[in-house]
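All remarks here apply to the structure that follows.
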Amino acid sequence: MNCAISGEVPEEPVVSRNSGLLFEKRLIERHILDYGKCPITGEPLSLDDIVPIKSGKIVKPRPVQAASIPGMLGMFQTEWDGLMLSNFALEQQLHAARQELSHALYQHDAACRVIARLKKERDEARSLLAQAERQIPTSNAAAVNASTLSNGKRAADDEELAPDAKKIRPGIVSTIIAELTDCNAALSQQRKNRQIPSTLAPVDALERYTQISSHPIHKTSKPGIISMDILYSKDIIATGGVDTNAVLFDRPSGQIVSTLSGHSKKVTSVKFVAQGDLLLTGSSDKTVRLWQGSEDGSYNCRHILKDHTAEVQAVTVHATNNYFVTASLDNTWCFYELASGLCLTKVTDAAGSFEGYTSAAFHPDGLILGTGTSEGLVKIWDVKSQANVARFDGHVGAVTAISFSENGYFLATAAKDGVKLWDLRKLRNFRTFSPYEPDIPTNSVEFDHSGCYLALAGSDIRIYQTANVKLEWNCVKTFPDLSGTGKATCVKFGLDAKYLAVGSMDRNLRIFGLPGEDGGSEE
């Protein structure tokens with residue numbers, strides 16, 4: 001009798017009580033342990049269901065092939081032939097797998113090409129749609145433009161004049177891209193021929209700078225100057241305060257030119273437009289205001305922009321003086337046309353991050369935008385495509401200020417942990433300044449217009465002489481914060497670094513320069 005599994009005479013025969021089948025003991029026990037059922041009938045079977053059979057000793061007959069040397073050689077030859085056939089089959093399977101992989105890679109490459117072509121067609125369609133939308137008459141928007149607000153005094157019907165007209169977002173179309181590209185080419189060429197002006201204040205002059213005037217230009221009820229800009233052509237300093245006002249101050253005469261009221265919360269950013277007597281102010285009230293100067297020195301509010309849903313933290317003007325960008329804690333930045341006040345595009349990070357923007361600045365050539373976030377991240381954007389092309393991490397806390405050097409090679413960023421300098425050519429951090437205690441943030445950082453000096457403000461004000469990546473950037477002057485608050489919030493170089501304007505958390509604008517030079521009369 002033979003085993004029902006192997007078909008050979010069993011050495012230790014056992015029989016199943018359920019089916020009566022004969023098995024080799026070691027084979028059926030292993031099968032029961034693995035599957036728990038009869039291998040032939042499929043019925044449940046346990047070790048208790050098999051009964052050993054007593055039999056005499058079985059002597060297996062020797063196979064005929066193994067009875068002689070020629071027979072054994074033939075058996076070995078058969079085994080070798082089987083091995084070769086198995087190896088050949090494996091090689092055939094490997095060849096087929098390689099062909100399938102090559103075909104799959106070809107299909108993937110073809111799919112990528114199709115996707116790229118579809119994206120290009122989509123972008124062209126969007127551009128055509130944006131051009132068509134720009135040709136739609138915007139009579140409602142013109143009506144809003146015509147309703148100017150004198151020194152920020154809101155007209156009663158301001159919010160009722162075509163709010164939808166302000167929401168037209170045609171995108172940055174090809175004509176604008178061409179304008180930005182032409183500006184970039186012209187400025188890049190100028191930079192190659194750029195020389196340090198002979199009128200620039202030398203280092204030894206900066207070392208002798210001291211406070212030459214202090215001007216209490218904001219309200220005492222809510223003290224604090226938190227933003228600043230300078231119109232170099234007229235030497236007028238604009239400041240934004242916690243008291244919700246923006247103040248224009250004529251430095252040579254030491255007189256206030258105009259006080260711009262209209263925002264309902266603190267003014268977080270002020271920015272002059274180099275041409276056209278225009279000023280932009282951003283506020284924690286989620287709005288941006290565009291102010292137009294007049295011959296008598298007063299400023300009228302031309303536009304109130306309400307495209308953001310959270311505090312506006314930064315405003316920066318493009319080098320063409322035709323466009324500007326606003327950045328907000330709502331995690332978006334908006335690109336505006338200055339003439340119409342229309343938001344052309346509103347950009348959100350495609351990566352899905354939710355940190356808001358706390359600072360922003362254009363690169364000197366205008367095709368790159370830098371933004372700082374509340375989570376210590378610096379993002380670099382391609383303005384033409386609105387794509388995030390680089391990210392710099394390493395800061396602790398919100399990035400409070402960013403500034404590009406005039407040569408376009410360096411970016412300075414300020415945060416709670418100090419100031420970091422980035423090489424934009426190699427996209428890396430090459431130097432870090434940690435001037436204050438860990439709990440004291442650096443609130444402002446600013447290159448001068450020549451790119452020769454860097455100023456930063458925190459618990460004091462420091463001026464560094466710029467160098468390159470390898471050489472040390474030396475601190476040439478440190479000014480104490482004379483406000484008594486221990487918090488200098490904004491700093492700005494005057495024309496040719498002839499003076500330094502500083503705002504702090506008191507109501508005073510302070511001017512640092514050489515004693516005896518005209519720094520404006522102290523009030």
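Put Leu128, Leu509 in order of accessible area, highest first, and with a 1.4 Å probe you get Leu128, Leu509.
Report the gain in length on full extension from Ala387 to Glu207: 0.36 nm times residue separation, minus Cα-Cα distance, nm rounded to one decimal.
Details: separation 180, 0.36 × 180 = 64.80 nm, distance 4.25 nm.
Full extension of this stretch gives 60.6 nm more.
Given R0 = 35 Å, the distance between the Cβ atoms of Asp439 and Leu471 translates into a calculated FRET efficiency of 0.70. Relative to the longest principal axis of the Cα atoms of the chain, the long axis of helix 69-134 makes an angle of roughly 20 degrees.
For segment 208-288, the fraction of alpha-carbon pairs lying more than 21 Å apart is 26 percent, rounded to a whole number. Across segment 372-442 the C-alpha pair distances fall into 5 Å bins from zero in the proportions 4, 17, 27, 26, 16, 6, 3, 1, 0 percent.
The long axis of helix 25-35 is offset from the longest Cα principal axis of the chain by roughly 30 degrees. Straight Cα distances below 13 angstrom link Lys265 to the aspartates and glutamates Asp243, Asp285, Glu311, with same-chain residues fewer than 8 positions distant left out. Here the chain exposes an accessible surface that is 53 percent carbon and sulfur, computed with a 1.4 Å probe and the other protein chains kept in place.
Extending 7 Å from the Cα toward the beta-carbon at both Met1 and Lys120 defines two label points whose distance is 8.1 nm. Each Cα pair under 8 Å and six or more residues apart adds its sequence gap; the mean of these over the residue count of the chain is a relative contact order of 11 percent. Compared with the direct C-alpha span, the chain from Glu179 to Gln77 gains 28.4 nm at full extension, assuming 0.36 nm per residue.
Helix 174-192 and the long axis of the chain differ in direction by around 70°, with both axes built from C-alpha atoms. Remark: the chain carries 51 Å² of accessible area per residue (probe radius 1.4 Å; ligands, DNA and RNA excluded).
If the chain linking Lys25 and Lys37 were pulled fully straight, counting 0.36 nm for each residue of separation and taking away their Cα-Cα distance, it would gain 2.9 nm. Enumerate the whole-percent occupancy of each 10 Å bin, from 0 to the last occupied one, for all C-alpha pair distances of segment 72-124. That works out to 21, 19, 18, 15, 11, 8, 5, 2, in percent per bin. Within the straight-line cut-off of under 24 Å between alpha carbons, the lysines reachable from Lys192 are Lys384, Lys426, Lys470, sequence neighbours fewer than 8 places apart in one chain being disregarded. Across segment 378-523, the convex hull enclosing all Cα atoms gives 131 Å³ per residue.
Take every Cα-Cα pair in the chain and report what % of them are more than 33 Å apart. Everything past 33 Å amounts to 54 percent.
The values are calculated or read from the model by the stated rules, or taken from the named source; none is laboratory data. None of the values given here were measured: they were computed from a predicted structure. Heads up, the Cβs are rebuilt from the backbone with ideal geometry, glycines too, and the neighbour counts pull from every protein chain shown. The accessibility values were calculated without ligands, DNA or RNA, using every heavy atom of the protein model including side chains. Shrake-Rupley method; radii C 1.70, N 1.55, O 1.52, S 1.80 Å.
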